[in-house]
Structures are given as C-alpha cells and as structure tokens.
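Novice: Okay, handing you the structure first.
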Amino acid sequence: MFTPIKIPIAKELYDSRSVHIVDLAPFKASAGALWPEISAGVCSRFENILKKRLMPTDYYEKATDTRYVIVTPKVENDDGALFAYRAASEFETALNGHCDPTQLRIMRGEWGGSGRIKCVPMRADALATLADRHLPSEGEANLRRGPSLHSQTRSRLTPDAGQCGGIAIKPRFEPIWDAKNQAITTYLCAPAAITCEVGGVRRELTPEDLTPRERTTVELACLRAGVGSLSRCVESGDRFLLGVSVSFETLCAPNGRMDFAGICRGLPGIYRQYLNFILGDVPLGVTQSRLADLAMVLRPFGNIIATVASGCRSFTSYDGLGFSSLALDINKAPADSERIRADIIHVGSAGRTTRHGALILNAPDRSTLNMATAADFQFLHGRAVGAPLPAPKRMTRLAATAVLPESADAGSEEWF
C-alpha cells in the first residue's frame with residue numbers, strides 16, 4: 001500500500017529503518033459519524049505527543065487524514081519502531097485510559113519512488129516485542145522530551161510532600177472568584193515552579209516537559225500541599241474551598257488512579273466538603289462511560305468540575321454524572337478569538353444545566369472575563385481576577401466592580 005508524501009525522504013533512511021507510519025484509522029472507525037467534528041482535536045492531541053518526544057533531527061508529516069509519517073534519522077536498529085510505538089500507545093492511553101497493542105496500527109516505511117512511501121504493516125508478534133520493551137514506569141523519565149533534557153540522567157531526591165521522584169514543586173494558590181456571590185471563595189493549588197536536578201544542576205521545567213508519570217507526581221504534590229494548607233485554616237476557624245487539578249491521563253493510568261485515590265482515602269471526612277477536583281485535559285469526543293468511570297473515582301472525596309475541550313459542541317457525555325460544574329481552560333484553547341468566543345458561549349450554556357454555573361480557567365484579560373460573565377459563567381480564574389498567593393486566605397468579599405472592566409470602585413472585606 002502506497003501513501004503520498006510531500007516532504008522528500010532520503011532512500012538511505014528507509015534502509016536504516018528510520019521511517020515509520022502511525023495510522024489513526026482505528027480511532028476514526030470508533031468515532032463513526034463524530035469523526036468530522038472531533039478529528040481536529042484528536043489529531044492535535046497526537047501531534048502534541050510527537051512534538052514532546054521528537055529530537056531536533058526528527059520530524060513528522062501528516063500524509064493523510066489519519067496517517068503520520070515519522071522520520072528518526074539518528075536511531076539504530078528497532079528504536080525507530082519503538083519510538084512510534086511509544087507515541088501511539090501514549091495517545092491511546094490518553095484517549096481511552098488503557099492501551100491495547102492489537103488496536104495500534106504501526107507500519108514500516110519502504111522506498112516507494114518519488115513522492116510515495118510503501119507502508120508495510122508490523123506483525124502482531126513484532127508489536128508484542130515492542131510492548132515488552134516499552135516500560136513507562138521508570139524508563140519514562142529518560143524518553144525524549146526535547147534537546148534540553150535528552151540523554152541527561154536525573155539524580156533522584158528524597159521524597160516528601162512537595163518533592164518526590166526527583167521532581168520538586170513550589171506551590172501557589174490562585175484565587176477563583178464567585179460572580180454570583182461576589183467573593184473569592186476558592187483557591188486553586190498549582191505549581192509556581194517545577195524543578196529537577198540534572199547533572200548536579202537544578203533546572204526548571206515547564207508542564208510541557210513533564211512525562212505522564214512526572215505530571216502525576218506534580219499533581220499529587222499539589223494535592224498534599226493544598227490539603228496541608230486547608231487543614232491549618234480549618235483548625236484556625238478560617239474557611240475556603242480548595243481547588244485541586246487532576247488530569248484525565250492521571251486517573252486513566254492505573255498507578256496514577258491508585259496513588260490519587262490512596263491519598264484521598266486517607267483524608268479526614270471533614271475536609272471533603274471543601275474539596276473541588278478539577279478534571280483537566282478531558283479529550284474531545286470522550287465517551288460517557290469513560291467519564292463515568294473517572295467520576296466514580298473522585299465523587300466520594302469532593303465535588304468534581306470537568307473541563308471541556310475547545311471545539312466541543314455536544315455535552316451529552318457529561319450529562320447525569322454528578323459534575324458540580326463544567327470548566328473551559330483558555331490555556332488549552334487555540335489562539336483564535338472567534339473560536340474562544342464560541343467555546344465560551346457553548347460551555348456557558350451547558351453549565352446552566354449543572355448544579356453550579358460554569359468555570360473559566362486562565363482568563364488572560366478583563367475582556368475575556370466580560371465574555372464569560374455575559375455567558376453566565378459563575379466562577380472566574382486568571383490573573384485578571386487576582387495574583388497568585390503563597391498561601392490561601394479565608395473567603396473574602398470582592399465586588400464585581402473590582403473585577404470587571406467597568407470597575408469604578410474596588411474593595412474587600414473579610415467574611416466572618
């Protein structure tokens with residue numbers, strides 16, 4: 001089977017087994033009639049995984065609506081196939097919560113003449129061999145994450161509440177404004193800085209640098225830090241709601257789910273009324289059964305706010321699962337003002353059917369806040385609302401005039 005390509009590939013790269021194809025056709029088939037609507041989000045998700053893993057000498061090309069040609073000139077033997085397998089398995093795990101190797105469609109590229117590539121499917125036994133070599137638990141930290149950290153070994157630090165598995169975080173608390181009650185009621189515990197030690201030097205990481213396992217480590221550290229601050233405030237008589245982010249991938253991975261649920265089960269029951277879990281990075285086109293499975297994990301421990309992917313226009317997957325609110329994360333939306341405006345309108349409308357109004361995350365400016373409040377978003381988050389704090393405060397009055405653009409008066413008073 002031949003596939004047309006736009007970027008010429010040197011014949012010697014085929015000979016060195018540096019050319020592979022990952023076909024997303026199984027995901028297209030499972031999406032059925034929804035594929036035209038969700039294909040952009042699905043493909044973007046896979047491309048983000050590739051970009052995170054590719055070395056500077058590597059590249060990829062989207063050859064058809066489902067096929068990606070991946071070229072890894074510097075690899076040896078079957079490492080190119082292993083790279084393709086890791087990207088494809090991470091994608092399936094992120095989308096479905098687990099990876100079934102029989103559902104992966106990976107092909108070896110052979111010379112097919114000018115502008116064409118011959119796709120030779122890898123046999124089931126070859127995929128099984130790759131699955132045996134794919135060990136994400138400890139090897140994940142050494143996979144490609146870009147030129148800055150590739151081929152560098154980290155020294156592991158002694159774990160504690162904010163520093164675990166070589167990753168250290170400095171937490172901060174970001175205020176969330178309740179527009180209906182005109183108050184800062186919730187603080188989202190998030191990392192102010194993420195660092196790791198490489199070659200004896202401590203380096204700062206961005207969220208995009210993190211492997212799935214490291215992201216879980218950061219989320220668990222934020223949970224511990226947030227609950228620690230909450231316990232001190234509750235003991236002193238102060239009250240606030242604690243927002244804790246947990247990614248879709250973390251709860252889909254067996255280890256991540258077990259670790260997160262294990263910490264939550266150890267919390268005193270009195271804290272659960274103050275916890276708001278924000279289920280992040282929910283993919284476009286996710287099934288209701290998958291969301292129900294994750295909601296079941298979190299529901300015993302607090303309220304659940306589920307994020308909605310940019311471009312989502314059907315919210316039936318979220319119905320009847322007990323989510324207290326829906327959320328739109330502006331940081332995860334494309335840099336398209338019209339797309340963002342449409343997302344705000346649709347999520348705001350869907351949020352009216354939940355127990356509370358919708359939440360907007362990482363609003364960059366007051367113009368975005370204005371659109372959100374006009375679309376009936378009840379909860380607003382971002383620097384336009386307030387600067388992050390090193391420690392949370394009690395619930396505090398904050399008038400609408402202090403947050404919205406037409407503000408003419410600002411002030412706050414403590415709640416007693």
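Novice: Being in a helix (DSSP H, G or I), basic (K, R) and more than 19 Å from L230 (Cα to Cα) narrows it down to one of R341, R313, so name that one.
Specialist: Being in a helix (DSSP H, G or I), basic (K, R) and more than 19 Å from L230 (Cα to Cα) holds for just one of R341, R313, which is R341.
Novice: Restricting to the range 381-396, and then to whatever is over 17 Å from L359 (Cβ atoms) and assigned to a strand (DSSP E or B), can you tell me which residue is modelled with the highest pLDDT?
Specialist: Only one residue tops the list, namely L389.
Novice: Then there is this: Name the single residue, out of those in the range 203-235 being assigned to a helix (DSSP H, G or I) and basic (K, R), that is surrounded by the most Cβ atoms within 10 Å (Cβ to Cβ).
Specialist: Per the criteria, the residue is R215.
Novice: If you don't mind, there's one more thing I want to ask. List the number of the failed condition for S245; all other conditions in (1) at pLDDT 90 or above; (2) part of a helix (DSSP H, G or I); (3) hydroxyl-bearing (S, T, Y) hold.
Specialist: Of everything listed in (1) at pLDDT 90 or above; (2) part of a helix (DSSP H, G or I); (3) hydroxyl-bearing (S, T, Y), S245 misses just condition (2).
Novice: Scan (1) at pLDDT 50 or above; (2) touching a helix residue (DSSP H, G or I) at 6+ places or on another chain (Cβ under 6 Å); (3) more than 28 Å from L82 (Cα to Cα); (4) not aliphatic (A, V, I, L, M) for the single condition R172 breaks and write down its number.
Specialist: Evaluating R172 over (1) at pLDDT 50 or above; (2) touching a helix residue (DSSP H, G or I) at 6+ places or on another chain (Cβ under 6 Å); (3) more than 28 Å from L82 (Cα to Cα); (4) not aliphatic (A, V, I, L, M) leaves (2) as the failure.
Novice: Name the residue, out of V244, V201, that is of a type in the set (A, V, I, L, M, F, W, C) and over 24 Å from N255 (Cα atoms).
Specialist: Going through V244, V201 in turn, the sole match is V201.
Novice: Here is a check on your reading of the model: is S247 within 25 Å of R397 (Cβ to Cβ), among the polar types (S, T, N, Q) and in contact with a Lys or Arg (Cβ under 8 Å, 6 or more places away or on another chain)?
Specialist: Taking the combined requirement at face value, the residue does not satisfy it.
Novice: Ok, one more. When the residues of the range 17-31 are filtered to those that are touching a Ser or Thr at 6+ places or on another chain (Cβ under 6 Å) and surrounded by fewer than 20 Cβ atoms within 10 Å (Cβ to Cβ), which remaining residue is modelled with the highest pLDDT?
Specialist: A25
Novice: Here is a further query. State which residue pairs qualify: first residue in the same structural domain as L267 (by TED's automatic domain parsing) and touching a residue at least 24 places away in the same chain (Cβ under 8 Å) and inside the range 300-312, second residue assigned to a loop (DSSP other than H, G, I, E, B) and among the aromatic types (F, W, Y) in any location, beta carbons under 6 Å apart, and separation of 6 or more residues or different chains.
Specialist: Close Cβ pairs (under 6 Å, with a partner that is assigned to a loop (DSSP other than H, G, I, E, B) and among the aromatic types (F, W, Y)) amount to I304/F323; A306/F323.
Novice: Now for a separate question. Return the residue satisfying two criteria in turn: it lies in the range 346-365 and is in a helix (DSSP H, G or I) and either buried (at least 16 other Cβ atoms within 10 Å of the Cβ) or in contact with a helix residue (DSSP H, G or I) (Cβ under 8 Å, 6 or more places away or on another chain) (or both), and of such residues it is modelled with the lowest pLDDT.
Specialist: The qualifying residue modelled with the lowest pLDDT is G351.
Novice: Go through (1) closer than 21 Å to G280 by Cα; (2) not in a strand (DSSP E or B) and name the single condition Q378 misses.
Specialist: So the condition that Q378 fails would be (2).
Novice: Please work out if L130 is assigned by TED's automatic domain parsing to the domain that holds Y59 and either surrounded by 14 or more Cβ atoms within 10 Å (Cβ to Cβ) or at pLDDT 80 or above (or both).
Specialist: Spelling it out, L130 is indeed assigned by TED's automatic domain parsing to the domain that holds Y59 and either surrounded by 14 or more Cβ atoms within 10 Å (Cβ to Cβ) or at pLDDT 80 or above (or both).
Novice: Continuing with this model, one more query. Please enumerate the residues belonging to the range 174-202 that are surrounded by 16 or more Cβ atoms within 10 Å (Cβ to Cβ), hydrophobic (A, V, I, L, M, F, W, C) and assigned to a strand (DSSP E or B).
Specialist: I176, W177, A183, I184, L188, C189, A190, I194, C196, V198
Novice: Condition first: within 17 Å of F379 (Cβ to Cβ) and not hydrophobic (A, V, I, L, M, F, W, C). Now tell me which residues in the range 302-329 satisfy that.
Specialist: G302, N303, T307, Y318, S324, S325, D329
Novice: Within the range 253-275, identify whether any single residue is without any contact (Cβ under 8 Å) to a residue 60 or more places away in the chain, part of a strand (DSSP E or B) and crowded, with 21+ Cβ neighbours inside 10 Å, and answer yes or no.
Specialist: The answer is yes; a qualifying residue exists.
Novice: Further question on the same structure: Take the range 65-123 and flag every residue that is among the hydroxyl-bearing types (S, T, Y), closer than 24 Å to T250 by Cα and either out of contact with any helix residue (DSSP H, G or I) (no Cβ under 8 Å at 6 or more places or on another chain) or modelled with pLDDT of 80 or more (or both).
Specialist: Matches in the range 65-123: Y85, S89.
The values are calculated or read from the model by the stated rules, or taken from the named source; none is laboratory data. Here the structure is a predicted model, which is why all the values come from computation and not from measurement. Methodologically, a virtual Cβ is constructed for each residue, glycine included, from the backbone with ideal geometry; neighbour enumeration extends over all protein chains shown.
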